[in-house]
1. I want to confirm something. Restricting to the stretch 47-78 and keeping residues that are among the basic types (K, R) and over 18 Å from G93 (Cα atoms), which single residue is surrounded by the fewest Cβ atoms within 10 Å (Cβ to Cβ)?
2. Please indicate, with yes or no, whether at least one residue in the stretch 32-46 is touching a Ser or Thr at 6+ places or on another chain (Cβ under 6 Å) and surrounded by 13 or more Cβ atoms within 10 Å (Cβ to Cβ).
3. Given the conditions (1) within 30 Å of L144 (Cβ to Cβ); (2) more than 22 Å from the chain's Cα centre (by Cα); (3) outside the structural domain of A146 (by TED's automatic domain parsing), which single one is not true for G68?
4. Have a look at A47, A60 and point out the one that is without any contact (Cβ under 8 Å) to a residue 24 or more places away in the chain, part of a helix (DSSP H, G or I), closer than 23 Å to R7 by Cβ and over 12 Å from the mean Cα position of the chain (by Cα).
5. Conditions first: (1) without any contact (Cβ under 8 Å) to a residue 24 or more places away in the chain; (2) outside the structural domain of V23 (by TED's automatic domain parsing). Y74 passes all but one, so which condition is the exception?
6. Give me the pairs, please: first residue somewhere in the stretch 91-110 and closer than 18 Å to L148 by Cβ and in contact (Cβ under 8 Å) with a residue 12 or more places away in the chain, second residue anywhere and polar (S, T, N, Q) and not in a helix (DSSP H, G or I), beta-carbon distance under 9 Å, and either six or more positions apart or on two chains.
7. Taking the criterion of being surrounded by 10 or more Cβ atoms within 10 Å (Cβ to Cβ), under 18 Å from Q98 (Cβ atoms) and modelled with pLDDT of 80 or more, would at least one residue in the stretch 157-177 satisfy it?
8. Evaluate the following for L10: is it surrounded by fewer than 18 Cβ atoms within 10 Å (Cβ to Cβ), in contact with a helix residue (DSSP H, G or I) (Cβ under 6 Å, 6 or more places away or on another chain) and hydrophobic (A, V, I, L, M, F, W, C)?
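The values are calculated or read from the model by the stated rules, or taken from the named source; none is laboratory data. Only a predicted model underlies this, so the values are computations on that prediction, with no experimental measurement involved. Reconstructed Cβ throughout: ideal geometry from the backbone, glycine too, with neighbour counts over all protein chains shown.
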Amino acid sequence: MEKSGARRQLMKALGIQSDFWGVGRITGELYAILYTAHEPLTLAEIAEELGVTKGNVSVAIRRLEELGMVRRQYQPGDRRVFFVPNIDFWDIGRHFLQRRYQPAFVSSFQLVDDSIQEAQNAGDTFIQHRIETLKKFYDLLDQLAAMLLTANPMTLASLTHQIHQTASSQTESPTGMEV
């Protein structure tokens, strides 16, 4: 499968982005390949196009499956596993936001609460204030994530427009958080 210039550029862009987010360059490049493919691809086809081993592709595919960005597909009469991209970015975004309910994420919030209590018990008002400021920010992000999970794309577009209109006029932090 020949790579067009646009496809190569998208592979590079998504490779850079996925590397930045800590999931590895190959993961982003792999998603770009699937996203621009006209039909589902096998592990071997993806490995050949990326120029890496099937093992590397397998690891990246599993990561994309965990993130809700890729799914397996089976074709009648063919024993091979094919992969297709999730092209519904709203669905992918919701999947990312829903991950905030995973035990590691929830336990980190609890540890922040515990650290506030520890600072309060120790009488360290400076650290207590700093951690409370962080907690306010976490709580705000959590509320935003909850709203985004229940919003439809049109509501989100309207909200984005409203935020954009008011953002330039804000000079103080509306939450009282340090910026």
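1. Within the stretch 47-78, the match that is surrounded by the fewest Cβ atoms within 10 Å (Cβ to Cβ) is R72.
2. The answer is no; no qualifying residue exists.
3. Against the list (1) within 30 Å of L144 (Cβ to Cβ); (2) more than 22 Å from the chain's Cα centre (by Cα); (3) outside the structural domain of A146 (by TED's automatic domain parsing), G68 comes up short only on (2).
4. Just one listed residue meets the conditions, A47.
5. Of the numbered conditions (1) without any contact (Cβ under 8 Å) to a residue 24 or more places away in the chain; (2) outside the structural domain of V23 (by TED's automatic domain parsing), the odd one out for Y74 is (2).
6. These pairs meet every condition: I92/N86; H95/N86.
7. No, every residue in the stretch 157-177 fails to be surrounded by 10 or more Cβ atoms within 10 Å (Cβ to Cβ), under 18 Å from Q98 (Cβ atoms) and modelled with pLDDT of 80 or more.
8. no
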